[in-house]
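Student: Starting off with a structure, shown below.
The values are calculated or read from the model by the stated rules, or taken from the named source; none is laboratory data. Nothing here was measured: the structure is a model prediction, and the numbers come from that model. Quick reminder, even Gly has a Cβ in these numbers, built from the backbone with ideal geometry, and neighbours come from all protein chains shown. We work out accessible area using only protein heavy atoms, side chains counted, and drop any ligands, DNA or RNA first. Shrake-Rupley method; radii C 1.70, N 1.55, O 1.52, S 1.80 Å.
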Amino acid sequence: MSKLCTVCSTSVAKYKCPICTSGYCSVSCYKVHKSEPCTRPEPTQKHESPAAPAEDKDDEEEEKHRLGADDLRRVGESPRVRELLECPQTRELIERVHKDADPVQAIRVLRQHPEFEQLVQAMLEATDSPK
């Protein structure tokens, strides 16, 4: 079952806050969420069972690839990323990902488009830059 956005409670939460892991559905809801301070949740002690649910494993794998606040800042400040986002074709491809029911699969497919792949590479380069 999909969780609803913790801000508007009307749309499915597609994204999670890198600090408190609250779910949100859009940039506007993220901005509302970030207008209030949030904190990292207290770690809970999990009792590992031999067969952990697949959803938990997926969440753990997703967490490994989630960008932190510093990485997101560097991506947002990257001149190359900003330049690529000026391109209407790139913006259209991003909108397709946003609207897709399976955004992960949409990204896999769209990485075949040179414009989208250039954006992905620019974002990766921005996150690899010195901190």
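Student: Is it true that some residue in segment 72-94 is within 14 Å of the chain's Cα centre (by Cα), modelled with pLDDT of 85 or more and open to solvent by 100 Å² or more (accessible area, probe 1.4 Å)?
Tutor: Scanning segment 72-94 turns up at least one residue that is within 14 Å of the chain's Cα centre (by Cα), modelled with pLDDT of 85 or more and open to solvent by 100 Å² or more (accessible area, probe 1.4 Å).
Student: What tally of residues in segment 97-127 results from selecting those that are in contact with a Leu (Cβ under 8 Å, 6 or more places away or on another chain), modelled with pLDDT under 90, assigned to a helix (DSSP H, G or I) and open to solvent by 60 Å² or more (accessible area, probe 1.4 Å)?
Tutor: 1
Student: For Val104, only one of the following conditions fails: (1) under 30 Å from Ser2 (Cα atoms); (2) over 17 Å from the mean Cα position of the chain (by Cα); (3) hydrophobic (A, V, I, L, M, F, W, C). What is its number?
Tutor: Of everything listed in (1) under 30 Å from Ser2 (Cα atoms); (2) over 17 Å from the mean Cα position of the chain (by Cα); (3) hydrophobic (A, V, I, L, M, F, W, C), Val104 misses just condition (2).
Student: Only one residue in Cys38, Cys29, Cys20, Cys8 is at pLDDT 75 or above, within 23 Å of Glu95 (Cβ to Cβ), open to solvent by less than 70 Å² (accessible area, probe 1.4 Å) and not in a helix (DSSP H, G or I), so which one is that?
Tutor: Just a single option satisfies the conditions, and that option is Cys8.
Student: Among the residues of segment 111-129, write down those that are closer than 15 Å to Leu84 by Cα and either within 14 Å of the chain's Cα centre (by Cα) or not charged (D, E, K, R) (or both).
Tutor: Within segment 111-129, His113, Pro114, Phe116, Gln118, Leu119, Val120, Gln121, Ala122, Met123, Leu124, Ala126 qualify.
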